[in-house]
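The values are calculated or read from the model by the stated rules, or taken from the named source; none is laboratory data. Remember, predicted model here, so these are calculated numbers, not experimental data. FYI the Cβ positions are ideal-geometry reconstructions off the backbone, even for glycines, and counts take in every protein chain you see. For accessibility, only protein heavy atoms count, side chains too; no ligands or nucleic acids. Shrake-Rupley method; radii C 1.70, N 1.55, O 1.52, S 1.80 Å.
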Amino acid sequence: MSVPNGNDKVNESDLTLDRLASIGQIAAGIAHEVKNPLTAVKGFLQLLKHESEHKYLDYAYSELENALSTLQNLLHVSKPDLEDEPFDCINLCSELESLLYLFQERSYDVSIQKHFQDTDARVYGKRNQLKKAFFNLLKNAFEAISDQGTITIKHYKSDNELTIKVSDTGVGIPQEKINLLGTPFYTSKTEGTGMGLTQVFSTIYEHSGKIRVKSEVGVGTEFTIQFPIQNISQVGVVSLKLQYVEHQDFAQYYLANQKEFMDLLKVQGKELFETIKETAIDADYVLDSAHNVVLLLNDRNEHGIILHAKEHGRNWARNNLDLILKLEWIQVLRMLYWDFLFNYHSHLEQNQRQFFELERQVNYTLDSYLKHFASSYSEYKNEVLRSQREVIEDLSVPIIPLTDNIAILPVVGTLDTLRAKKIQEHVLVQIYQLKIKKMIIDLSGVAFMDTAIVSHLFKIVDGIAIQGCKAIITGIRPEITNTMVELGIALHEKVETRGTLQQALEEYAK
């Protein structure tokens, strides 16, 4: 069965959009009447969790999160324009490849067959909304296959339409239920909300697309989506009303349209700004940095670009921001810069070769910026790591002498190979210098040690014995004991043990 049939006289997209629009007022009412009190309840639950831990509080908090998530999904479907996302020229082949990577854990059970043709075809739309729609579609396909099966994805163009088909060999959908697909809260899954396919249908129709479904119980389901193909030359900021004055160079053109450039950056960098809002680096800092990069690009000042990259790389690392955020931001800046260049050069009579040489030069400069930014970022991180390591090494072996011949070595925190070697060097030197006869090694502050570290610890014990010192270990946790048992370490042959440091101190104080 297919929805809709090719002979249908009624436009299915219009019917579906009307159906989705009908829940808009309900969703708005829910937002005001339900979301606010639920958020207040969530806050009180958080306070209760801090005051007194209880598993029922965790359950209540988790279920409340699910309710708020469902409500948010409903709002996104009923009013998708709340996401003020710009339209962009999108290669769906690339987006599908990146989405399939998210389902790698199912690759052993589910075979993915890709038949991608006309991979240069592009559509014009909101990238994140389309990615979310195809994620929901692929997620449903994987979930429809309970054991082993096949998902087939086809991508090809015909005339002025781009077709994507996603089919699975899953459980299938009964014929009488197909017409309900896309209806809010309708789902055939026991734990589903039905909002996934609702988002798929509404997004496809908003992008002037068509969607058809064929399914047979026990055989599988096929979704066919068709979009109008967008000519690349027709998109971008060419459609914006940018100011151009005859004989002005690009630097002047950029300054005349700087506000439009920054407004577009604000929209396209919305996710980045949300991520960094709790840090010392704010949106104004990032936008000012972007403006300076553009000015340096316009002046072809490669040395200035490098200095800017190094300074901002250290700042980015100093505020503990992920490097990938900056890489994505520079890609956004690169695309928008090229949109403006393309718009500017559309006013000029310039041969194509000159334009491509300019493209190569700009891309080379921005790639150089990324390289020096990443290098400065990593250099700062390494400096911090080295300084932290030095502090840890200084504090990691605080031997405490109790008497002329007894000392305590309290081991606290995580042990790695480097720290274990440092302990070994320091302890053996201290035993020799202080003429220590008994060393109490307290492990109560160590929660876990892997097999390699446990083995190294008993090399330290052997070294202590060679120095003529007796080792007493206290505070061994069950987890560490299990590791010793697995290694077959006969502890009693090498060292004395006591349950706690207090027991050892009381005994040797006698």
Using a 1.4 Å probe and ignoring any ligands, DNA or RNA, find the accessible area of Arg212 and quote it in Å² to the nearest 10. 60 Å²
How big is the accessible area of Leu434 in square angstrom, nearest 10, if you roll a 1.4 angstrom probe over the protein chains? 70 Å²
If the chain between Gln248 and Tyr108 were fully extended at 0.36 nm per residue, the gain over the current Cα-Cα distance would be 44.5 nm
Net lengthening on full extension, Ser52/Tyr285 (0.36 nm per residue, minus Cα-Cα): 79.8 nm
How would you order 133-142, 98-107 from highest to lowest mean count of nearby Cβ atoms within 10 Å? 133-142, 98-107
FRET efficiency estimate (nearest 0.05) - Cβ-Cβ, Val429 to Asn363, R0 56 angstrom: 0.50
